[in-house]
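The structure appears right after this line, and notes come after that.
The values are calculated or read from the model by the stated rules, or taken from the named source; none is laboratory data. The structure presented is a predicted model; accordingly, all values stated were derived computationally and were not measured. Note that we place each Cβ from the backbone using ideal geometry, even for glycine, and neighbour counts take in every protein chain shown. All accessible areas refer to the heavy atoms of the entire protein, side chains included, with ligands and DNA or RNA removed. Shrake-Rupley method; radii C 1.70, N 1.55, O 1.52, S 1.80 Å.
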Amino acid sequence: MTTPQIVLSIIYFIVALGLIAVVMLQSGKSSGLSGAIGGGNETFLSKNKAKSADARLAKMTKWIAAVFMVLTLVMCLLPDAAA
């Protein structure tokens, strides 16, 4: 492997871990049902804070996924040193 391939592989690995982490940090869509059954102990402010955090995580997921796709294409287009 050449040096650019090694560097891109390391960056690719870090971006993949970041994408996994951001997706895992997001709250599930079924959390609304458990809140309805368990009672409405959330205040208005905590609901808005959670939505803004979820919105930021959703935006981060889109950007990290785009970087992941671009890196995938770049790595596929790099010529192999062995060929």
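Residues in the stretch 64-78: is at least one in a helix (DSSP H, G or I), among the aromatic types (Phe, Trp, Tyr) and modelled with pLDDT under 95? Give the derivation first.
Of all residues in the stretch 64-78, those in a helix (DSSP H, G or I) come to 64-77.
Next, only the ones that are among the aromatic types (Phe, Trp, Tyr) stay: 68.
Then drop every residue that is not modelled with pLDDT under 95, which leaves none.
No, that holds for no residue.
The residue pairs whose first member lies in the stretch 54-65 and is among the charged types (D, E, K, R), whose second member is surrounded by 12 or more Cβ atoms within 10 Å (Cβ to Cβ), and whose beta carbons are closer than 9 Å, counting only pairs six or more residues apart or on different chains, are ASP54/GLN26; ASP54/SER27.
Would a scan of the stretch 34-52 turn up a residue that is aliphatic (A, V, I, L, M) and modelled with pLDDT of 90 or more?
To start, the set of residues in the stretch 34-52 that are aliphatic (A, V, I, L, M) comprises 36-37, 45, 50.
With the extra rule that they be modelled with pLDDT of 90 or more, the set shrinks to none.
Within the stretch 34-52 (the criterion being aliphatic (A, V, I, L, M) and modelled with pLDDT of 90 or more), the answer is no, since none of the residues qualifies.
Can you give me the number of residues within the stretch 59-77 that are under 20 Å from LEU25 (Cβ atoms) and open to solvent by less than 100 Å² (accessible area, probe 1.4 Å)?
Our first condition is that a residue be under 20 Å from LEU25 (Cβ atoms); within the stretch 59-77, this holds for 59-68.
Then drop every residue that is not open to solvent by less than 100 Å² (accessible area, probe 1.4 Å), which leaves 60-61, 64-68.
The qualifying residues number 7.
Checking each residue in the stretch 1-21 for being of a type in the set (A, V, I, L, M, F, W, C) and at pLDDT 95 or above picks out ILE10, ILE11, PHE13, ILE14, VAL15, ALA16, LEU17, LEU19, ILE20, ALA21.
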